[in-house]
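What follows is a short report on a single structure.
The values are calculated or read from the model by the stated rules, or taken from the named source; none is laboratory data. Everything numeric here is computed off the predicted structure, so don't read it as measured data. We place every Cβ from the backbone using ideal geometry, glycine too, and count neighbours over all the protein chains shown. The accessibility values were calculated without ligands, DNA or RNA, using every heavy atom of the protein model including side chains. Shrake-Rupley method; radii C 1.70, N 1.55, O 1.52, S 1.80 Å.
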Amino acid sequence: MFRIRRVYDDITPANQEAMAQVQDILRAQFPGLSKKDVAKLPEQLRNPLKYRFRSVLFIAEGARGRVDGFALLLHEAALKFCYLDYVSAAEQMTGSGIGGALYERVREEAFDLNTVGLFFECLPDDPGLSRNPEIRKQNAARLRFYERYAARPIANTAYETPLKTGDDNPPYLVYDDLGQGIELPRDMARKIVRTILERKYAGVCPPDYIETVVNSFQDDPVILRKPMYVKKPPVPIRRTTPLDKRIILVINDRHWIHHVEERGYVESPVRIDTILKELDGTDLFHKVPPRHFSEKHIKAVHDSGFVEYLRKVCINLEPGASVYPYVFPVRNRTRPPKNLPIRAGYYCIDTFTPINGNAYLAAARAVDCALTAAKKLLEGYRLAYALVRPPGHHAEPATCGGFCYFNSAAIAAQLLSAYGKIVILDVDYHHGNGQQEIFYDRSDVLTISIHGHPSIAYPFFSGFVGEKGRGAGRGYNINIPLPESVDGDHYRNVLRDAIKRVTRFNPRFLVIPLGLDTAKEDPTGSWSLEAKDFASMGEMIGSLRLPTLVVQEGGYDTRVLGINARHFLAGLWSGAYSSETARVG
Ligand SMILES: [Zn+2]
């Protein structure tokens, strides 16, 4: 079993390891390559300007991160074509279907990039060009493979002219129009061929050789060689979202055990169902079951006394019973009451977040989901969504409140922060006081929150502009409190500024506590965002093209909650992927 995924950079350990294995395959399978050509791969991905092609690397990954094969695609945005530089299985994996799977993935990518198709070189099967029968047989097998996709050599040109007279096996130029029925005009073909020869073979092909080859393209439109091996109709391109481009979706499968059955308690189990129902209608998601993580991750951001307390008080409760805090240690925090229910006020900031019997279990499971999703980013996926309740962003190091017990987003951010700088951009209607407090002293985690002004909105005691961080963390907490009425245009302007701050900070990962209580008519908010606003918000955030973890926070109008979540996530997806061409062009 293997999965195909794109490697965007060599930043995470998983990607560094993958890149090194790709280089091993290059050395083993292409012994003619220079050391320099093998070594340049990471820079090729980082620096498209230098190489004048944007490089897209796919790997076929087997068990424990073993790279079984790879494909390197070069994208030229102005001329709208792709050049397939390599597609290769590791030595021990040839003939295992990996080459075929990689080729199909590359076709999908070239199609999604709106190109005229895919060009690549293939060694000839003509005895006049390939003298050794053994090698010729291998070449024929490759050409037969590509014929299944209607990809065949361009006929009647001098492309396969040896650079030196007498050289054996000069390659054909093969063209795959990706089933689009394109008649490739001669002038376009000439431009493409010139680009390939000048950029790919810079310093190898002399100018007069390039002129000869380019001018040999006379047919208009270009003509492909007749099929020689395959009679069947070509394999069609898959039009669904490729697996590695989907949003990882981790759902809290035990959220329903936490159910406060009281009038007006809006944080209810149906919230998850209403979101899931909307997401299930798309092919944008790849569901992954939550893994269990030890409590040490929770204790990495929360006070252990608080964590122990929550666990103990929950165990001792009768089924269905809840503890409501009712005495608060405003004057004396030094002596927590012995009686567990009374001690609730020591650890909770309000009177409407009851500690229900399953609160600990449900909140710990939400943490598992956020951590599972974060780990997927470390494995190289770009977008992940933890669909969880109870929410978490109001939970501070030693306090719960605002329906929140453990700060799942902050716990996941803490895990990711071992690999580089993080931005937590909280877009819930209510101030993200939890992560503000958790990371208040740190400069490697920038916390930003856009929320209803504390003079009108929960949590009332925090979320002011003046809260900027402390010590080394000074300047790394940004609060953007907004007035009672905010519509889509107003919100976009504010978000645009926030996104500039994110870009300036240049994080490695982005964490989004996603509250959808900014929606029109939400019972806990006062703003008026609609589905289309959530879509543009998602798109703006996705355009940052950062590995992004979204954690579900608030949003309580279950008539529109699912629709708004779907719009946000679909926007995020299209921002992350569709904008690619525009950015390069
Ligand atoms: Zn909220």
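For helix 98-112, what angle does its Cα long axis make with the longest principal axis of the chain, in degrees from 0 to 90 and rounded to 10?
Around 80 degrees separate the two axes.
DSSP loop (so not H, G, I, E, B), at most 12 other Cβ within 10 Å: list which trypsin sites (Lys or Arg not before Pro) in the range 459-537 pass both filters. Walk me through the intermediate numbers first.
Numbers: sites: LYS468, ARG470, ARG474, ARG492, ARG496, LYS500, ARG501, ARG504, ARG508, LYS520, LYS532; in loops: LYS468, ARG470, ARG474, ARG508, LYS520.
Here the sparse-neighbourhood loop sites are ARG470, ARG474.
Not counting the cut sites, what is the longest span of the chain without GluC sites (Glu not before Pro) that DSSP labels loop and that have at most 13 other Cβ atoms within 10 Å? List each step's numbers first, then the result.
On the way: sites that count: GLU183, GLU261, GLU262, GLU484, GLU521.
The reported range is 263-483.
Quick check on the range 1-123: take the gyration tensor over C-alpha atoms, sort the square-rooted eigenvalues as a ≥ b ≥ c, and tell me if it's rounded (a/c under 1.5), prolate or oblate.
Numbers: a/c = 1.44, a/b = 1.23, b/c = 1.17.
Verdict is rounded for the range 1-123.
Using 0.36 nm per residue of separation minus the Cα-Cα distance, give me the extension gain between LEU361 and ALA398 in nm, one decimal.
On the way: separation 37, 0.36 × 37 = 13.32 nm, distance 1.75 nm.
Computed gain between LEU361 and ALA398 is 11.6 nm.
Using r as the Cβ-Cβ distance of ARG3 and VAL494, and R0 as 41 Å, what FRET efficiency do you calculate, to the nearest 0.05? Before the final figure, lay out each step's value.
Details: r = 39 Å, r/R0 = 0.95.
Result of the calculation: an efficiency of 0.60.
Give me the percent of the accessible area of the range 508-585 that comes from carbon and sulfur atoms, probe 1.4 Å, all protein chains in place.
Details: 1190 of 2360 Å².
Carbon plus sulfur share of accessible area: 50 percent.
From Cα pairs below 8 angstrom and at least 6 apart in sequence, can you work out the relative contact order of the range 219-289, rounded to a whole percent?
46 percent
Could you check the simple spin-label distance between ARG291 and THR503, using points 7 Å along Cα→Cβ, in nm with one decimal?
It is 3.5 nm.
Would you work out which of ALA202, PRO227, ILE251 lies farthest towards the positive end of the dipole of the range 191-254? Charges go on Cβ: Lys and Arg +1, Asp and Glu -1.
The listed residue farthest towards the positive side: ILE251.
Sorted from largest down, give the three principal axis spans of the alpha carbons of the range 188-248, whole angstrom values.
The Cα atoms of the range 188-248 stretch 49, 35, 20 Å along their principal axes.
Which residues does a label at TYR229 reach in the range 144-174, if reach means a backbone N under 20 Å from a point 7 Å past the Cα toward the Cβ?
144-156, 160, 169-174
Which distance in Å, rounded to a whole number, links the C-alpha centroids of the range 179-246 and the range 301-367?
Between the Cα centres of the range 179-246 and the range 301-367 lies a distance of 66 Å.
Assuming a ≥ b ≥ c are the square roots of the Cα gyration tensor eigenvalues, decide whether the range 237-312 counts as rounded (a/c under 1.5), prolate (otherwise, with a/b larger than b/c) or oblate. It would help to have the intermediate numbers written out before the result.
Values: a/c = 3.88, a/b = 1.54, b/c = 2.52.
Taking the square roots of the gyration eigenvalues as a ≥ b ≥ c, the range 237-312 is oblate.
Under a point spin-label approximation (7 Å from Cα along Cα-to-Cβ), what is the LYS200-ARG559 distance to one decimal in nm?
Each label point is offset 7 Å from its Cα along the Cβ direction, giving 5.8 nm.
What part of the accessible area of the range 1-101, given as a whole %, is carbon or sulfur when the probe is 1.4 angstrom?
Whole-percent figure for carbon plus sulfur exposure: 54.
With Cβ to Cβ distances under 14 Å as the rule, what net charge do the other residues near LYS231 carry (K, R +1; D, E -1)?
Values: positive: ARG144, ARG148, ARG152, LYS226, LYS232; negative: GLU147.
Within the 14 Å Cβ shell, the charges total +4.
Would you mind checking the tilt of helix 270-279 against the longest principal axis of the Cα atoms of the chain, expressed as 0 to 90 degrees and rounded to 10?
Helix 270-279 sits at roughly 10 degrees to that axis.
Please work out, to two decimal places, the log10 of the ratio I(q)/I(0) at q = 0.09 Å⁻¹ from a Debye calculation in which every Cα of the range 299-409 carries one identical scatterer.
Debye curve over Cα of the range 299-409, log10 I(q)/I(0) at q = 0.09 Å⁻¹: -0.25.
Put +1 on the Cβ of each Lys and Arg and -1 on the Cβ of each Asp and Glu in the chain; which of TYR326, PRO133, LEU544 then has its Cα farthest toward the positive end of the dipole?
Value: PRO133.
For the range 373-443 and the range 516-559, compute the distance between their C-alpha centroids and round to whole Å.
Computed from Cα coordinates, the inter-centre distance equals 16 Å.
Label GLU134 and GLU183 with points 7 Å out from Cα along Cα→Cβ: what is the distance between them in nm?
Distance between the two pseudo-spin positions: 4.6 nm.
Can you give me the long-range amide H partners of LYS287? Hydrogens built in the peptide plane at 1.01 Å from N, cutoff under 5 Å, separation of 5 or more residues or another chain.
Those qualifying (amide H under 5 Å, at least 5 residues apart or on another chain) are LEU249.
I need the per residue convex hull volume for the chain, using only the alpha carbons, in cubic angstrom as a whole number. Don't jump to the answer; show the numbers that get you there.
Details: hull volume 95.4 nm³, N = 585.
Looking at the chain, the number lands at 163 Å³ per residue.
Give the relative contact order (percent, whole number) for the range 387-453; include only Cα pairs under 8 Å separated by 6+ residues. Present the calculation step by step, with values, prior to reporting the outcome.
On the way: 116 pairs, mean separation 21.1, N = 67.
Reported as a whole number, the value is 32 percent.
With θ set to phi - 60°, apply the Karplus curve 6.51 cos²θ - 1.76 cosθ + 1.60 along the range 141-148 and write out the HN-Hα couplings as whole Hz, x wherever there is a Gly or Pro.
Result, rounded to whole Hz: 4, 5, 5, 5, 4, 5, 4, 4.
Using the beta-carbon distance between GLU318 and ARG238 and R0 = 51 Å, what value does 1/(1 + (r/R0)^6) give for FRET efficiency, to the nearest 0.05? Don't skip to the end; give the middle numbers.
On the way: r = 54 Å, r/R0 = 1.05.
With R0 = 51 Å, the Cβ-Cβ based efficiency is 0.40.
Determine the distance separating the Cα centre of the range 1-30 from the Cα centre of the range 56-106; give it in Å without decimals.
The distance from the Cα centre of the range 1-30 to that of the range 56-106 comes to 10 Å.
In a shell of Cβ-Cβ distance under 14 Å around ASP350, excluding ASP350 itself, what net charge do Lys and Arg (+1) and Asp and Glu (-1) give? The partial results should precede the final answer.
Values: positive: none; negative: GLU267, GLU396.
Here the count lands on -2.
Output the 0 to 90 degree angle, nearest 10, between the alpha-carbon long axis of helix 488-505 and the longest principal axis computed from the alpha carbons of the chain.
Relative to the chain, helix 488-505 is tipped by roughly 70 degrees.
Based on the alpha-carbon gyration tensor of the range 168-292 and its eigenvalue square roots a ≥ b ≥ c, which shape applies: rounded if a/c is under 1.5, prolate if not and a/b is larger than b/c, or oblate? List each step's numbers first, then the result.
Working: a/c = 4.01, a/b = 3.11, b/c = 1.29.
Prolate.
Taking the Cβ of LYS200 as the center, what net charge do the other residues with Cβ under 15 Å away carry, scoring Lys and Arg +1 and Asp and Glu -1?
Values: positive: LYS36, LYS40, LYS50, ARG52, ARG54, LYS191, ARG194, ARG199; negative: ASP37, GLU76, ASP85, GLU121, GLU198.
Neighbourhood net charge equals +3.
Run down the aspartates and glutamates and flag those whose C-alpha is under 18 Å from the C-alpha of LYS312, throwing out any fewer than 8 positions away in its chain.
Correct list for LYS312: GLU295, ASP303.
Using the Karplus curve 6.51 cos²θ - 1.76 cosθ + 1.60 with θ = phi - 60°, what ³J(HN,Hα) values do you get for each residue of the range 17-24, in whole Hz, with x for Gly and Pro?
Listing the rounded values in order: 5, 4, 4, 5, 5, 4, 5, 4 Hz.
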